[in-house]
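Input: a single structure, listed below in structure tokens.
The values are calculated or read from the model by the stated rules, or taken from the named source; none is laboratory data. Here the structure is a predicted model, which means the values were calculated and not measured. Backbone-built Cβ (ideal geometry, glycine too); neighbour counts: all protein chains shown. The accessibility values were calculated without ligands, DNA or RNA, using every heavy atom of the protein model including side chains. Shrake-Rupley method; radii C 1.70, N 1.55, O 1.52, S 1.80 Å.
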Amino acid sequence: PLGVLPVDWQATMDRFERDFPNMRKLSEVLRDHFALSALGDMRVKWPNVLLVGRPGIGKTEAARFLANAFGLPFETIDPASAQSGSALNGSEAYWSNAKPGRLFELLALGEVANPVVVLDELDKAKGDHRHDPLAGLYTLLEPRSAKEFKDLCVGLPMDASHVNWIATANDARGIPDPLLSRM
């Protein structure tokens, strides 16, 4: 099932604007999407978002507020400290210490299929072509390919197209162009 908008979603967005005045543009985007959703299936869904700004302005806290206000699971993933994409996508089954990634756990064990996932400090992620912590995002941030997400450990296709992604960064220049085009 998908988490749905509460009847008083507009009051929730009013609180969001009051508590996070520097997130006015984000609020405008969300209000537009929620207004359309309220005319349809009522699901809580927004486009992939990139919040860029100085440290400490509340980017991650704004995402946490939205998840809590709409009753959605919340997960923060820190690609900057990852050595590979396994935290998100799982590790391949042939490794002796293989385990599913956090996205699989959120979707398979969670109560709704549209959690809020924060990719914290995306601009600081580093890796090489063999161990790129961002590699799985190229698929996951594309709705069509996210419909058939496969955790590397489990291998079963899952629909990850309803995940509400919010990436944070201090400087967008540190993010690869193909990822920027998906936000």
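For LEU66, the test of being at pLDDT below 80, surrounded by 15 or more Cβ atoms within 10 Å (Cβ to Cβ) and assigned to a helix (DSSP H, G or I) is failed. Is there a residue being under 13 Å from the mean Cα position of the chain (by Cα) and touching a residue at least 40 places away in the same chain (Cβ under 8 Å) anywhere in segment 146-162? Yes, because at least one residue in segment 146-162 is under 13 Å from the mean Cα position of the chain (by Cα) and touching a residue at least 40 places away in the same chain (Cβ under 8 Å).
Of the residues GLY40, GLY71, which single one is over 25 Å from THR139 (Cα atoms), at pLDDT 90 or above and under 20 Å from the mean Cα position of the chain (by Cα)?
That would be GLY71, the only listed residue that is over 25 Å from THR139 (Cα atoms), at pLDDT 90 or above and under 20 Å from the mean Cα position of the chain (by Cα).
Could you pull out the residue among ALA63, ALA11, ALA69 that is touching a helix residue (DSSP H, G or I) at 6+ places or on another chain (Cβ under 9 Å) and among the small types (Gly, Ala, Ser)? Steps first, answer last, please.
Working: ALA63 fails: touching a helix residue (DSSP H, G or I) at 6+ places or on another chain (Cβ under 9 Å); ALA11 fails: touching a helix residue (DSSP H, G or I) at 6+ places or on another chain (Cβ under 9 Å).
Testing whether each residue is touching a helix residue (DSSP H, G or I) at 6+ places or on another chain (Cβ under 9 Å) and among the small types (Gly, Ala, Ser) leaves just ALA69.
Only residues that are hydrophobic (A, V, I, L, M, F, W, C) and open to solvent by 40 Å² or more (accessible area, probe 1.4 Å) were counted in segment 152-183, giving 5. Which ones in segment 131-168 are in contact with an Asp or Glu (Cβ under 7 Å, 6 or more places away or on another chain) and among the β-branched types (Val, Ile, Thr)? Of everything in segment 131-168, just one residue is in contact with an Asp or Glu (Cβ under 7 Å, 6 or more places away or on another chain) and among the β-branched types (Val, Ile, Thr), namely THR168. Considering the conditions (1) surrounded by 14 or more Cβ atoms within 10 Å (Cβ to Cβ); (2) at pLDDT 80 or above; (3) part of a helix (DSSP H, G or I), ALA80 is excluded by exactly one of them, (2). Condition check for LYS59 on (1) crowded, with 18+ Cβ neighbours inside 10 Å; (2) more than 14 Å from the chain's Cα centre (by Cα): one failure, at (2).
Here segment 1-23 is the region considered, the condition is being of a type in the set (S, T, N, Q) and more than 15 Å from ASN164 (Cβ to Cβ), and the residue that is most open to solvent (accessible area, probe 1.4 Å) is GLN10.
Within segment 14-28, residues that are closer than 13 Å to LEU66 by Cβ and assigned to a helix (DSSP H, G or I) sit with their Cβ atoms under 6 Å from residues that are open to solvent by less than 20 Å² (accessible area, probe 1.4 Å) and not hydrophobic (A, V, I, L, M, F, W, C), at 6+ positions apart or across chains, in these pairs: PHE16/SER27; GLU17/SER27. Evaluate segment 27-46: report whether one residue or more is farther than 24 Å from ASP78 by Cβ, open to solvent by less than 60 Å² (accessible area, probe 1.4 Å) and hydroxyl-bearing (Ser, Thr, Tyr). Yes, that holds for at least one residue.
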